[in-house]
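The next block holds one structure in the form of structure tokens; read it before the comments.
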Amino acid sequence: MTTTTRTQVAVVGGGPAGLLLSHLLARAGVASVVVELRSRREIEETHRAGILEQDSVDLLVDTGVSDRVLRDGYRHEGIELAFGGGSHRVDFTGLVGAATQLYPQTDVFVDLADARERDGGDVRFGVTDVAVEGLGTDAPRVRFTDAAGEEHELVADFVVGADGSRSLCRAQVPQAARRQYFREYPFAWFGILTEAPPSAPELIYNHSPRGFALISSRTESLQRMYFQCDPGEDVADWSDDRIWEELTSRVGANGYTLRQGPITSRSVLPFRSFVQEPMHHGRLVLVGDAAHTVPPTGAKGLNLALADVRVLAEELERAVAKGDPAPLETYSERALGRVWRTQHFSYWMTTMLHTLPDATPFDVRRQEGELALLASSVAGSTYLAEAYTGWPGAR
Ligand code: PHB
């Protein structure tokens, strides 16, 4: 027995991108059903980045998802760039009149899931056997088995792949109809959470001869930190003492000390840049990590996904009203402009701040020159501030 549900938009993936899309569509009177492989609990327990651009904050607040982001988040008006034995503040507010908000992705997810529940949204967590069919027809389908073992089929006008970096929707696009762009990096991040007070009022992006480190935060009593490591690193080899030694020696090189506490979480994050073009195929459209991933330096992944969704909601509304997939092409073109600018920014921050394993002495000194130039030039700092706080508008 298969239960068939007719909807306008079937969304595969109930992370922030899929849920925000469903929320914005509902506000425009467009019906959607969201299916997600993971349980709500599993997503809530996955640690992700913590910085929201100004526009991301405004989008969540203005569309009625969250006022908690302003209450519980922390406004950051700059970052510290630490290198060469010292530290230099990039003053976002002074340079470009914008700021970021420290507010973890897991909280964004909770706010969105609550908002969908509050508004009677149809979100199915913990499903299995998801399959997309009939993409060449006017009525594509998403099959799945729900958490209770019942089989379902969604019949929709459009299918959205919001299913993350291991997207199954992305793979539905025939090879001849897509281009894929990859870049692997020869390092990863070792990420920790520690029960300690903040070590600094703003984020520290720290370049040192032993490698990059990032000092970030979550709350007054929980801190997030990362250090550059080998992609094959095993967290089991790292005691608390060894982690603190590595972190303190890296930031100590530039004059910082860290407030230490018990380490409650440790993981290795891979570094990858990826784009699939175009971001649509027939009645299937991709959004967020399903279409692209960026390395985490600069915290763009979630922000880029939310920017995609803002544009996609507009274009899908048109597509549904006309019964025509043409606006999906417009979405892809509009979104890709921002995607490639963000790819460049994330790549640039990554290569400027990390220690590259095959660097020659020339490369190392050149990199220090680049950082010094950035810190001492208003034009250079402004470029970073503008990109970090986010280019305004749905572009
Ligand atoms: C984080 O807090 O997790 C974070 C902040 C800034 C980044 C990356 C990650 O560039």
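Just so you know, all these numbers are worked out from the coordinates, no wet-lab data involved. Just so it is clear, the structure is predicted and the values come from calculations on it, not from any experiment. Positions of Cβ are backbone-derived with ideal geometry, glycine not excepted, and every protein chain shown enters the neighbour counts.
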> Which loop-located GluC sites (Glu not before Pro) does the range 49-158 contain, where loop means any DSSP state but H, G, I, E or B and the Cβ has at most 13 other Cβ atoms within 10 Å?
Replying inline: GLU150
> Stretch SER267-LEU373 to full length: gain in nm at 0.36 nm per residue minus the Cα-Cα span?
Replying inline: 34.8 nm
> If each of GLU245 and SER39 carries a label point 7 Å out from its Cα toward its Cβ, how far apart are those two points in nm?
Replying inline: 3.9 nm
> With Rg and the Kirkwood Rh both taken from Cα atoms, where does Rg over Rh land for the range 192-337?
Replying inline: 1.14
>> How much length would be gained if the chain were fully extended between ALA99 and ASP67, taking 0.36 nm per residue of separation minus their Cα-Cα distance, in nm to one decimal?
In response: 9.8 nm
> Over all pairs of distinct alpha carbons, what does the Kirkwood formula give as the hydrodynamic radius of the range 309-395, in Å?
Replying inline: 15.7 Å
>> Could you tell me the calculated FRET efficiency between ARG166 and THR257, based on Cβ-Cβ distance and R0 = 45 angstrom, to the nearest 0.05?
In response: 0.70
> To the nearest 0.05, what FRET efficiency results for ALA147 and ALA176 with a Förster distance of 56 Å applied to their C-beta separation?
Replying inline: 0.95
>> Apply the a/c threshold of 1.5 to the C-alpha gyration tensor of the range 40-116 and tell me whether it is rounded, prolate or oblate.
In response: oblate
>> Could you tell me which residue out of PRO197, ALA147, PRO104 lies farthest along the dipole of the chain toward its positive end? Charges go on the beta carbon: Lys and Arg +1, Asp and Glu -1, centred on the Cα centre.
In response: PRO104
>> Let me make sure I get this right: for the range 107-231, a, b and c are the square roots of the gyration tensor eigenvalues over alpha carbons, sorted descending. Under 1.5 in a/c it's rounded, otherwise prolate if a/b > b/c, else oblate. Which is it?
In response: oblate
> What nm value, rounded to one decimal, do you get for the distance between ASP91 and ASP122 when each label is placed 7 Å out toward the C-beta?
Replying inline: 5.4 nm
> From the square roots a ≥ b ≥ c of the eigenvalues of the alpha-carbon gyration tensor of the range 300-341, which class results: rounded (a/c under 1.5), prolate (a/b over b/c), or oblate?
Replying inline: oblate
>> Using alpha carbons only, how many angstrom separate the centre of the range 47-76 from the centre of the range 327-358?
In response: 22 Å
> Expressed in nm², what is the orientationally averaged projection area of the convex hull enclosing the Cα positions of the range 249-310?
Replying inline: 6.9 nm²
> Stretched out fully, how many nm does the piece from VAL235 to VAL364 gain, at 0.36 nm a residue minus the Cα gap?
Replying inline: 43.6 nm
> Taking N as the number of residues in the chain, what is its Cα Rg relative to 2.2 N^0.38 Å?
Replying inline: 1.01
> Toward the positive end of the charge dipole of the range 215-266, about the Cα centre and with charges on Cβ (Lys, Arg +1; Asp, Glu -1), which of LEU247, THR257, GLY232 goes farthest?
Replying inline: THR257
> What size of dipole, in debye to the nearest 20, comes out for the range 35-188 about its Cα centre when the only charges are +1 on Lys and Arg C-beta atoms and -1 on Asp and Glu C-beta atoms?
Replying inline: 620 debye
> Modelled label-to-label distance, TYR383 and HIS344, 7 Å Cα→beta-carbon offset: nm?
Replying inline: 0.9 nm
> If the range 120-174 were replaced by its equivalent ellipsoid, with semi-axes equal to the square roots of 5 times the Cα gyration tensor eigenvalues, what would those be, largest first, whole Å?
Replying inline: 19, 14, 11
